[in-house]
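See below for the structure under consideration.
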Amino acid sequence: MEPILQVENLHHIYSAGTPFEHIALEDVSFCAHRGEFIGIIGHTGSGKSTLVQHLNGLLKPTSGSVKLDGVDIWMDKETTRASRFRVGLVFQYPEYQLFEETVYKDIAFGPKNMGLSQEEVDRRVREAADLVGLTEEQLDVSPFDLSGGQKRRVAIAGVIAMEPEILILDEPTAGLDPEGRAEVLSNIENYRKAKNATIMMVSHSMNDAARLTDRLLVMSDSRLVMDGTPMEVFSRGQELLDMGLDIPDVTRVFLHLQKMGIPVKAVYTREQAVAELLRIKEAADA
Ligand code: ADP
Ligand code: MG
């Protein structure tokens, strides 16, 4: 599989050369493939938001590179501009960035900026609204009259309407109730399926990260310390705990069983837990 995104030896220093100098990324390298769902986890301040803001050219690397289809996004102005459309970034608490008088206009803002025709903008607004479950009637209301969860959907639709090949979301479910969280996650999955898009999601919820992703990147103290399938990452459960990270509930229970000397394998979903317990039971019965 050809990588669509390559991050090579990325370093970022905030306020370099001042007394406020802060190293936020140190030698981060990884790649992402088309259609892949990648989770990014790590403690607060580990560099997750700094990392994702490099992927669409919002932040410029202090050194190292970000490449789309093998081309450095900082190669020239046109390439940098194009990367902002190819890689869509939904910020943390994106609803604070809604500002238009109607939901329609807010969703249309991004695609309009791309210089698309009126009809194409209209098609994209309606398709994106539909994908996140907003009704026709809601397009005409003020975003400020919507609930928190609905505002979040408008903000996500605004980025989806640009039809990015890579959709990045920084803690998209933060602050939502369980129902709102489930809806946002299914919107993301719908977009991935509809466009075969690459998804990168920064998440605090280990249960969501475990359940939805193909691959996990673990950040700790400005460095990428793990890059693997959820199974590879969660089989290092104790290391994650030592880093101050949470792990899925079932992973924690099984880690405890291992410490008690019960020969179970690492698991990270309930289905795996059930299957593993049945396996152990059958082995014991035999
Ligand atoms: P995370 O998203 O994992 O919580 P961030 O990427 O936001 O981490 O931050 C990484 C580190 O960089 C933190 O120590 C944070 O305080 C620092 N930082 C973030 N933004 C800035 C900034 N604009 N100027 C200086 N330091 C910053
Ligand atoms: Mg952050």
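The values are calculated or read from the model by the stated rules, or taken from the named source; none is laboratory data. Fair warning: this is a prediction, and the values are worked out from it, not measured in the lab. Neighbour counts are summed over all protein chains in view; Cβ atoms, including those assigned to glycine, are modelled from backbone coordinates with ideal geometry. The protein model used for the area step is the full one, side chains on, heavy atoms only, and it has no ligands, DNA or RNA in it. Shrake-Rupley method; radii C 1.70, N 1.55, O 1.52, S 1.80 Å.
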Evaluation of residue 91 against (1) within 16 Å of ligand 2 (Cβ to nearest atom); (2) more than 23 Å from residue 186 (Cβ to Cβ) (one fails), failing number:
(2)
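Could we say that residue 152 is within 17 Å of residue 32 (Cα to Cα), more than 16 Å from ligand 1 (Cβ to nearest atom) and outside any strand (DSSP E or B) here?
Details: within 17 Å of residue 32 (Cα to Cα): no; more than 16 Å from ligand 1 (Cβ to nearest atom): yes; outside any strand (DSSP E or B): yes.
Against the criterion (within 17 Å of residue 32 (Cα to Cα), more than 16 Å from ligand 1 (Cβ to nearest atom) and outside any strand (DSSP E or B)), residue 152 does not qualify.
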Conditions: (1) more than 16 Å from ligand 1 (Cβ to nearest atom); (2) more than 19 Å from residue 9 (Cα to Cα). Residue 94 meets all but one. Number of the miss?
(1)
Checked against (1) over 22 Å from residue 4 (Cβ atoms); (2) open to solvent by less than 70 Å² (accessible area, probe 1.4 Å); (3) in a helix (DSSP H, G or I); (4) among the charged types (D, E, K, R), residue 126 satisfies every condition except (2)
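Across the stretch 1-55, which residue is farthest from residue 68 (Cα to Cα) among those that are of a type in the set (Gly, Ala, Ser), within 16 Å of ligand 1 (Cβ to nearest atom) and exposed (fewer than 15 other Cβ atoms within 10 Å of the Cβ)?
If we filter the stretch 1-55 for residues that are of a type in the set (Gly, Ala, Ser), which is where we start, we get 15-17, 24, 29, 32, 35, 39, 42, 45-47, 49.
Next, from what is left, pick out any that are within 16 Å of ligand 1 (Cβ to nearest atom): 15-17, 24, 39, 42, 45-47, 49.
Among the residues that remain, those that are also exposed (fewer than 15 other Cβ atoms within 10 Å of the Cβ) are: 15-17, 45.
Working: 15: 27, 16: 26, 17: 30, 45: 26 Å.
Only one residue tops the list, namely 17.
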Of all residues in the stretch 213-252, how many are more than 16 Å from ligand 1 (Cβ to nearest atom) and either more than 23 Å from residue 50 (Cβ to Cβ) or more than 16 Å from the chain's Cα centre (by Cα) (or both)?
20
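A quick yes/no check of all residues on (1) open to solvent by 50 Å² or more (accessible area, probe 1.4 Å); (2) in contact with a His (Cβ under 6 Å, 6 or more places away or on another chain); (3) among the basic types (Lys, Arg):
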| residue | (1), (2), (3) |
| --- | --- |
| 135 | yes, no, no |
| 139 | no, no, no |
| 144 | yes, no, no |
| 148 | no, no, no |
| 152 | no, no, yes |
| 164 | no, no, no |
| 169 | no, no, no |
| 172 | no, no, no |
| 175 | yes, no, no |
Looking at the stretch 205-231, which of its residues are closer than 23 Å to residue 23 by Cβ and not in a strand (DSSP E or B)?
221, 222
Residue 96 versus (1) farther than 19 Å from residue 215 by Cβ; (2) open to solvent by 50 Å² or more (accessible area, probe 1.4 Å); (3) among the hydroxyl-bearing types (Ser, Thr, Tyr); (4) not in a helix (DSSP H, G or I): which is the lone unmet condition?
(4)
Applying the selection to the stretch 58-84, what residues are away from ligand 1 (no atom under 16 Å from the Cβ) and open to solvent by less than 30 Å² (accessible area, probe 1.4 Å)?
65, 68, 73, 80, 83
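If you scan the stretch 49-71, which residues turn out to be part of a strand (DSSP E or B), within 11 Å of residue 7 (Cβ to Cβ) and not hydroxyl-bearing (Ser, Thr, Tyr)? Outline the logic, then answer.
Start the filter on the stretch 49-71 by keeping residues that are part of a strand (DSSP E or B), which leaves 63-68, 71.
Next, from what is left, pick out any that are within 11 Å of residue 7 (Cβ to Cβ): 64-68.
Residues satisfying the conditions are 64, 66, 67, 68.
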Please find, among 261, 228, 237, 180, the residue that is small (Gly, Ala, Ser), more than 30 Å from residue 62 (Cα to Cα) and without any contact (Cβ under 8 Å) to a residue 24 or more places away in the chain.
261
Selection status of residue 86, away from ligand 2 (no atom under 16 Å from the Cβ), touching a Leu at 6+ places or on another chain (Cβ under 9 Å) and not acidic (Asp, Glu)
yes
